[in-house]
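Following: one structure in structure tokens, then a few remarks.
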Amino acid sequence: MGDSYIILKTTALRNGSFRHDLHYWLGKDTSQDEAGTAAILTVELDAALGGRAVQYREVQGNETEKLLSYFRPCIMPQPGGVATGFNHVEVNEQEHVTRLYVCRGKHVVHVKEVPFARSTLNHDDIFILDTKSKIFQFNGSNSCIQERAKALEVVQYIKDTFHEGKCDIAAVEDGRLMADAEAGEFWATFGGFAPLPRKTSSEETGQDMDAAVKLLCFNQGTLEPIGFESLVHELLEPNKCYLLDCGAEMYVWMGRGTSLQQRKGASEAAEKMLFDSSRTKSHVMKVIEGYETIMFKSKFSEWPATPDLKLSSEDGRGKVAALLKSQGLDVKGLMKSAPVKEEPESYIDCTGHLQVWRVNGNKKTLLSSTEQSKIYTGDCYIFQYTYTGEDKEECLIGTWFGKKSIEEERASAISQASKMVQAAKFQATMARLYEGKEPIQFFVMFQSLQVFKGGLSSGYKSFIAESGLDDDSYSEAGLALFQIQGSGSENMQAIQVDAVASSLNSSYCYILHDGNSVFTWIGNNTTSVDHDLVERQLDAIKSELPSRSQKEGRETDKFWELLGGKSKYSNKKIEREQESDPHLFSCILSKDGNLKVKEIHHFTQDDLVAEDVFVLDCRSYLFVWFGQEVDAKVKTQAMDIGEKFIASDFLMENLSRETTIFTVSEGSEPSFFTRFFTSWDPAKSLMHGSSYQRRLAILKGGARPLLDKPKRRTPAVSGRTLAQDKSQRSRSMSTSPECHRLRGRSPAFAALTSTFEKPSTRNLSTPPPAIKKLFPKSTGPETSKQTAISELTSSLEGPLRSAIPKHLRDKAIQEDTGGEDEAEDDEGRTIYPYERVKTTSDDPAPDIDITKREIYLSTAEFREKFSMARAAFYRLPKWKQNKLKTALQLF
């Protein structure tokens with residue numbers, strides 16, 4: 001309490017740079033000189049870091065929530081001082097001193113020691129009484145559940161720190177008199193029960209929140225007021241320092257053109273002003289031009305948009321690292337920047353079951369497995385995707401709005417999707433997506449997706465008819481140009497664009513067709529992956545006609561003729577908005593419809609309390625999370641809360657109205673949500689009661705009262721029959737000639753699985769075989785796939801196993817594991833000569849998987865053509881396999 005401290009918090013950002021937060025903490029017994037020195041040293045440390053840290057003045061008992069978030073669950077300053085003029089208080093460790101603390105705060109806890117007297121207690125706060133053998137938590141009758149739960153974390157801290165984990169815990173509710181044994185014991189320490197006084201108004205009055213905002217300029221050691229009608233950014237000059245006085249908080253703004261001496265002078269003047277005006281508990285934040293905080297910007301009537309500045313200063317970091325290293329401290333985290341990820345991960349199993357409905361007015365129409373990957377920009381769709389999660393089956397229900405879709409059908413889609421989520425008892429994640437703003441999870445669900453112009457819904461058709469617009473809906477016999485994008489076979493899209501030359505882009509491949517001809521156009525900046533994708537999308541769009549490849553710069557006249565002539569076009573890849581560093585906010589929707597938000601700094605899973613709603617903002621998309629104890633009506637408003645959060649734009653990110661929103665319920669969090677937390681324990685959501693009851697149960701008994709609920713299965717929200725559902729489940733296994741591109745499984749494997757997927761052939765007295773997900777974290781895709789297939793076949797017992805022909809079982813395993821059996825033979829295999837399976841064959845083999853033409857070659861002919869065995873071929877990288885197959889006209 002008699003010292004001052006400087007705390008440096010360095011955060012590695014996703015763009016590879018660092019953000020520095022500097023706090024100087026002043027104990028209640030520190031001197032004015034020491035406080036001034038701490039302020040100056042903080043400015044010097046900021047200069048060493050490159051002059052871009054945000055500086056915070058912290059006073060004991062009135063710390064910012066950001067500082068408290070570093071020292072969870074609380075800060076409990078000790079009496080005395082180190083190497084100062086203060087007398088260090090000697091504490092007799094053999095004698096325990098009974099102490100009384102008051103705790104305040106829903107998200108972080110302010111703990112303050114108060115006089116041990118009955119008159120200190122009140123009905124509004126939470127108190128902790130620390131005695132030698134027992135710790136009591138007294139919950140004022142007007143305190144909230146969240147504060148009580150947070151105070152229990154302090155009880156745990158006191159027990160572990162001052163009692164070596166060996167003492168009893170008791171919770172005392174305000175209003176329970178002597179009838180309760182623990183309450184009686186509590187009141188006995190105060191000499192008996194007596195009515196509690198009301199909280200005095202002078203207690204915790206704080207600063208004047210409604211004080212008029214003042215702007216003052218530092219000029220040679222003095223503060224000169226600046227008059228203004230509206231507080232605008234233009235009032236701040238880059239070669240000066242300013243003080244913005246907002247009553248409860250003050251800001252020191254330092255222009256980029258100011259010297260170190262000017263900044264030191266401004267800090268000293270601000271510190272002196274606080275002492276002279278008896279406002280020593282005020283928060284003071286110091287910001288550098290270009291690195292202002294959101295809170296500072298929000299004080300101005302307008303603030304110009306500024307580009308993100310990279311907070312890198314290798315020289316400054318090196319100086320500070322050298323200083324810390326000389327004191328024996330680990331500086332690895334200070335010197336390393338965060339890696340930048342180029343390709344986003346989906347964090348979702350790609351082998352799940354997808355259903356898609358097109359919205360028609362107030363109804364929805366289920367699409368077949370062959371049509372569900374073909375969507376139109378004038379329509380709205382509802383999708384349901386079930387897949388294997390970490391320890392249970394997950395479900396994602398969402399809406400997709402095409403750019404030309406109408407508002408009435410968008411509203412209908414949201415309404416119908418919301419009812420599906422409610423029918424699933426909010427155990428499904430819900431998503432609201434707009435065309436062009438889709439997250440990676442959407443594309444991975446479909447794997448191969450085609451987006452066509454126009455629309456088929458009744459609402460869209462009525463709209464264009466009433467508006468007198470031409471119907472430009474896609475026609476297979478008409479002229480169409482598709483831009484091909486994606487990162488691989490599990491994430492590829494064909495997007496129809498205007499059939500003109502200006503739609504081309506050197507960084508993409510395209511498919512152009514009319515009724516009689518098909519062209520592929522290969523941009524000069526494209527890769528082999530792009531070339532593979534355009535070939536795959538050809539099968540989905542125009543598989544019946546041969547295509548003519550056009551290299552950029554060597555196009556034929558016919559190609560330009562279809563596009564209406566040559567024109568200038570771009571060569572830069574279209575960048576999708578990247579996710580930013582996540583920010584967590586507590587959100588309260590008031591009765592008048594206004595949204596109150598509060599940021600939770602340095603957040604963890606424990607910040608998500610069962611009674612509240614939170615928004616996790618990642619810029620390119622956001623999550624609305626609600627706890628199990630949230631009112632059912634509020635749960636139905638989760639999507640509205642997300643939309644209001646976007647409209648408020650709290651972080652001044654200029655969020656698009658079309659930003660993706662996910663709603664997530666406690667206990668059903670998907671991996672693409674939990675990955676933003678440093679650690680995640682799914683068992684925490686399987687407990688009874690409020691956040692306070694859960695914490696108390698753990699604290700008193702060390703055990704978790706788990707809910708008696710089974711692992712969640714696919715929500716029955718579609719109203720479809722068992723037979724319909726099982727037929728849809730095989731969407732990735734279809735061997736129909738109309739669906740050439742398969743989802744990574746051979747025809748033989750499809751036949752194998754179809755045996756037990758048809759309800760007419762399955763022995764319903766035995767459970768279906770357990771199929772584990774193909775891509776667990778611990779293994780690579782190929783190893784996992786082989787393991788899953790092995791487990792699948794070994795799990796089939798009795799009549800079910802014998803119902804499958806041996807050649808099908810052997811063939812399925814051989815084909816889907818890449819032919820690992822070196823001693824393979826051709827018995828039971830479908831064999832065609834090379835001349836019939838190659839792409840230019842005059843007599844092509846019927847009903848073959850055109851993505852795996854090589855599997856129909858005999859063992860001898862395979863070795864002859866590829867100069868290697870099947871096993872060796874399938875161990876090659878995919879791109880090398882494709883290259884060899886292309887040379888042999890098998891791709």
Can you run phi through the Karplus equation (6.51, -1.76, 1.60; θ = phi - 60°) for segment 152-165 and list ³J(HN,Hα) in whole Hz, with x for Gly and Pro? 5, 5, 5, 4, 4, 5, 5, 4, 6, 7, 9, 10, 6, x
Computed FRET efficiency, Cβ-Cβ of F162 and A411, R0 51 Å: what is it to the nearest 0.05? 0.30
With a Förster distance of 30 angstrom and the Cβ-Cβ distance between I40 and K132, calculated FRET efficiency to the nearest 0.05 equals 0.10
Here the gain from full extension of M295 to E224, 0.36 nm per residue of separation minus their alpha-carbon distance, amounts to 23.2 nm
What does the highest-first list of 427-440, 457-470 look like by mean Cβ count within 10 Å? 427-440, 457-470
Could you order the peptides 655-668, 285-298 from most to least packed, using the average number of other C-beta atoms within 10 Å per residue? 655-668, 285-298
Sort Y834, Y874 by heavy-atom solvent-accessible area, probe 1.4 angstrom, most to least. Y874, Y834
Answer in debye to the nearest 20: the dipole magnitude of segment 534-660 about its Cα centre, from +1 Lys/Arg and -1 Asp/Glu charges placed on Cβ, is 860 debye
Ordering D607, D532 by accessible area with a probe of 1.4 Å, largest first, what comes out? D532, D607
Which whole-Hz ³J(HN,Hα) couplings does segment 522-535 yield from phi under the Karplus relation 6.51 cos²θ - 1.76 cosθ + 1.60, θ = phi - 60°, glycine and proline marked x? 10, x, 5, 9, 8, 10, 5, 4, 4, 5, 5, 5, 5, 5
How far, in nm, would the chain grow between K199 and M76 when pulled straight, counting 0.36 nm per residue and subtracting the alpha carbon separation? 42.0 nm
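Please list H123, H353 in order of solvent-accessible area, largest first, computed with a 1.4 Å probe with all protein chains present.
Ranked from most to least accessible, the order is H123, H353.
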Mind checking the full-extension length gain between N594 and N524? Use 0.36 nm per residue of separation minus the Cα-Cα distance, one decimal, nm. 20.0 nm
Quick one: which residues, 5+ away or cross-chain, put their amide H under 5 Å from the amide H of S473? H built at 1.01 Å from N. G455
Restraint check, K403/K461; K112/K134; K112/K591; K150/K299, Cα-Cα greater than 22 Å: K112/K591; K150/K299
Sequence-distant or interchain residues sharing an amide H contact under 5 Å with E393, placed H: which? R712
Distance from segment 236-295 to segment 459-501 (C-alpha centre basis), Å: 56 Å
For peptides 99-105, 387-393, sequence by mean Cβ density within 10 Å, most packed first: 99-105, 387-393
FRET efficiency for A860 and T10 from the Cβ-Cβ distance with R0 = 51 Å, rounded to 0.05, comes out at 0.20
Accessible surface of T370 - all protein chains present, 1.4 Å probe, nearest 10 Å²: 50 Å²
Counting Lys +1, Arg +1, Asp -1, Glu -1, what net charge surrounds G402 among other residues with beta carbon under 11 Å of its beta carbon? +2
Once the dipole of segment 820-891 is set up with Lys and Arg at +1 and Asp and Glu at -1 on Cβ about the Cα centre, which of T851, Q881, A871 lies farthest towards its positive end? Q881
Segment 504-575: antiparallel bridges as % of DSSP beta bridges, rounded to 5, reads 45 percent
With a 1.4 angstrom probe the carbon and sulfur portion of accessible area for segment 454-521, in percent, totals 46 percent
Members of K240/K264; K214/K281; K404/K558 lying beyond 20 Å, as alpha-carbon distances in this model show: K404/K558
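I'd like to check one number: the per residue accessible area of segment 345-395, probe 1.4 Å, reported in Å² as a whole number.
Heavy-atom SASA per residue in segment 345-395 reads 33 Å².
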Got a sec? Which residues in segment 532-547 would a label at N516 touch, if it sits 7 Å along Cα→Cβ and we count backbone N under 20 Å? 542-547
Run the accessible area of segment 620-707 with a 1.4 Å probe and give the carbon-and-sulfur part as a rounded percent. 50 percent
J(HN,Hα) series, segment 610-618, from Karplus relation 6.51 cos²θ - 1.76 cosθ + 1.60, nearest Hz, glycine and proline x: 5, 8, 10, 10, 10, 10, 9, 9, 10
Given a 1.4 angstrom probe, I'd like the percentage of the accessible area of segment 522-613 that is carbon and sulfur, rounded to a whole number. 48 percent
Amide H partners (placed H, <5 Å) of Q628, local residues excluded: E666
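The values are calculated or read from the model by the stated rules, or taken from the named source; none is laboratory data. Keep in mind it's a predicted model, so treat the numbers as computed, not measured. Note that we place each Cβ from the backbone using ideal geometry, even for glycine, and neighbour counts take in every protein chain shown. With ligands, DNA and RNA removed, areas are computed over all heavy atoms of the protein, side chains included. Shrake-Rupley method; radii C 1.70, N 1.55, O 1.52, S 1.80 Å.
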